[in-house]
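Notes follow the structure.
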Amino acid sequence: MTGKTSVISQDQLNIQKAFCDKIAAIWQKEVFEPTAYVETYGCQQNEADSEKIRGMLIASGYIITGSPEGADVVVMNTCAIREHAEQRVFGNLGALSHTKRRHPRQKIFLCGCMAGEEAVVSRIKNSYPHVDGVFSTHHLWRFPELLHRVLTQKKRVFFVEDEAGSIAEGIPQARDNTLKAWVSIMYGCNNFCTYCIVPYVRGRERSRRPEDILQECREVIADGAREITLLGQNVNSYGKDLDMDIDFSDLLQQIAAIPGDFLIRFMTSHPRDAGKKLFDTMASEPKIAKQLHLPFQSGSSRVLKAMNRHYDREKYLSLVEYAKSVMPDLVLTSDVIVGFPGETEEEFEETLSLIEKVRYDSLFTFIFSPRIGTPAAKMEDPTPKEEKNRRFDKLCNLQNAISEEIHSSYVGKTFRCLVDGKDKDLLTARTEGGRLVRFEGDDSLIGSFTQLTIIGSGTWSLTGIQKKDG
Ligand code: SAH
Ligand code: SF4
Ligand code: F3S
């Protein structure tokens, strides 16, 4: 039994399964093989959700295609994190009115984080009549029911009521990549960073039961996964809502104990909740990648307070110092926001100095984007756009130089890498730290670990050769 977290019952999920069967029966009767296209925006959480949407579509008789043109179902799984992300979705959604005109039986759905915003839902209702259905992340598990209603009742359906959130286990999942698997360990977020829309559109933090997570990990490993990435908005608070004594480090240890040759990654860690126990666990367990994505957002303690991040510059730096002391080869990456409302030039300089001090392998860099309904959107923001752009460019130039320097220090070293694909004529692989390496090799290597010696480097990637006895 879970504590505060509500779980969707097996009966309810069986009803959804019955809707899949009913839809499949419609197509069988018509002797028609319908096709479906799912487009994903945003983070890995959405990628993982799209795998479930594809799973439910396949269970309903659909064949997944790579383009919206001619598809019988199109699902846009959207991201609301910044305004730019939303504009792209609206642009692409507008274009779908043409694909639908060419293929009138096409059914179009919008889901994901934008479907959790009231303003978006009204805009779709009023200005995008070609969208047949909308469902927020809380209602993802009810997609078969929604699809069935749209197909049989010939009217638009909206599953968008706001909810604190629940957990649905056992939704069919069509994984994109059997070698590298996403496994969600928790959903939602309780942190309410003042700039961020995620808690509003994904609901409260809720952890999956460890036995369900372990079972999924065993399954993906049996299916050939060599890398598992555990997902959550703040993985370090895993387990707090469960009625049992388990934290994220305990979960990591239990997953690492599963037999097999695989690597565990996870994201995202929050500096408020990450600590010595996590870093000691990472250091002592060979199956956990020595890679940490630890967003800092700003180098200024005043800005961090205004962001409601619950740590200051000193705490962040001491965390990094400890992590590096127990894992000398740790690869660190992070997220940073430039131009938070009221950020002064001096505060921006503090962000630059933190980057110089920590020396990240790479950074995800963002310019503050006001999101309606969040506290930061109402804060006074006197800094002109041009000034924010200047700060952004300066920060990116600094980080690019650091990435290049760190990457060039890899030259001559040998790393155990997972060969994960092919890009043009070269194979691609990832170091344990997650760095991209391209090298010449036989396609049969894809899916295995191999030793690569680095012979060249750039800002974004490395080149390597296979070590002869590797
Ligand atoms: N849960 C993760 C981050 C999820 S969102 C964490 O707490 O670290 C990914 C990144 O998008 C954030 O780390 C932040 O850097 C950026 N971001 C979120 N909201 C933003 C906004 N309104 N404007 C600009 N960047 C934003
Ligand atoms: Fe957003 Fe903060 Fe939650 Fe991350 S921790 S999802 S930035 S509110
Ligand atoms: Fe975007 Fe939602 Fe992820 S807003 S970043 S898709 S949690």
Quick check on the stretch 26-72: take the gyration tensor over C-alpha atoms, sort the square-rooted eigenvalues as a ≥ b ≥ c, and tell me if it's rounded (a/c under 1.5), prolate or oblate.
oblate
Calculated Rg and Dmax of the stretch 163-310 using C-alpha coordinates, Å:
15.7, 48
Alpha carbon convex hull of the stretch 262-378, projected area averaged over orientations, nm²:
7.6
Rounded to the nearest 10 degrees, what's the angle between the helix 10-30 long axis and the longest principal axis of the chain, both from Cα atoms, 0 to 90?
60
Quick check for you: which residues of the stretch 386-428 have the amide N under 16 Å from the point 7 Å beyond the Cα of ILE465 toward its beta carbon?
411-415, 427
What is the mean projected area of the alpha carbon convex hull for the stretch 84-183, to one decimal in square nanometres?
8.1
For a label point 7 Å along the Cα-to-beta-carbon line of GLN10, residues of the stretch 164-196 with backbone N under 18 Å:
167-172
When Rg is the radius of gyration of the Cα atoms in the stretch 353-396 and Rh is its Kirkwood radius, what does Rg/Rh come to?
1.05
Report, to two decimal places, the Cα Rg of the stretch 360-431 normalised by 2.2 N^0.38 Å (N = number of residues).
1.69
Cut-off 15 Å between beta-carbons: net charge of the residues surrounding LEU332, Lys and Arg +1, Asp and Glu -1
-1
Cα coordinate range in the stretch 1-90, projected on the principal axes (Å, largest first)
45, 44, 17
Starting from 0 in steps of 10 Å, tell me what percent of the Cα-Cα pairs of the chain lands in each bin.
4, 18, 27, 28, 18, 5, 0
Taking the chain as the reference, fit the longest principal axis to its C-alpha atoms, fit the long axis of helix 44-59 to the helix C-alpha atoms, and give the angle between the two in degrees, 0 to 90, nearest 10.
30
Among 220-227, 257-264, 231-238, how do they line up by average Cβ neighbours within 10 Å per residue, starting with the highest?
231-238, 220-227, 257-264
Taking 7 Å along the Cα-to-C-beta vector as the label spot, tell me the GLU380-LYS29 distance in nanometres, rounded to one decimal.
6.6
Cβ density ranking, 10 Å radius, fewest first, applied to PHE439, PHE248 yields PHE439, PHE248
Alpha-carbon centroid distance for the pair the stretch 37-100 / the stretch 284-346, whole angstrom:
33
Would you compute, from DSSP H runs of 4+ residues alone, the mean residue ellipticity of the chain at 222 nm, taking -39500 (n - 2.57) per run and dividing by the full residue count, rounded to the nearest 500?
-11500 deg cm²/dmol
Using 20 Å as the cut-off for backbone N distance, which residues of the stretch 172-206 belong to the label zone defined by a point 7 Å from the Cα of ASP162 along Cα→Cβ?
187-206
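Where a number appears in this text, it was derived from the coordinates with a stated rule and is not lab data. Every value quoted in this text rests on a predicted model; they were computed, and no experiment measured them. Reconstructed Cβ throughout: ideal geometry from the backbone, glycine too, with neighbour counts over all protein chains shown.
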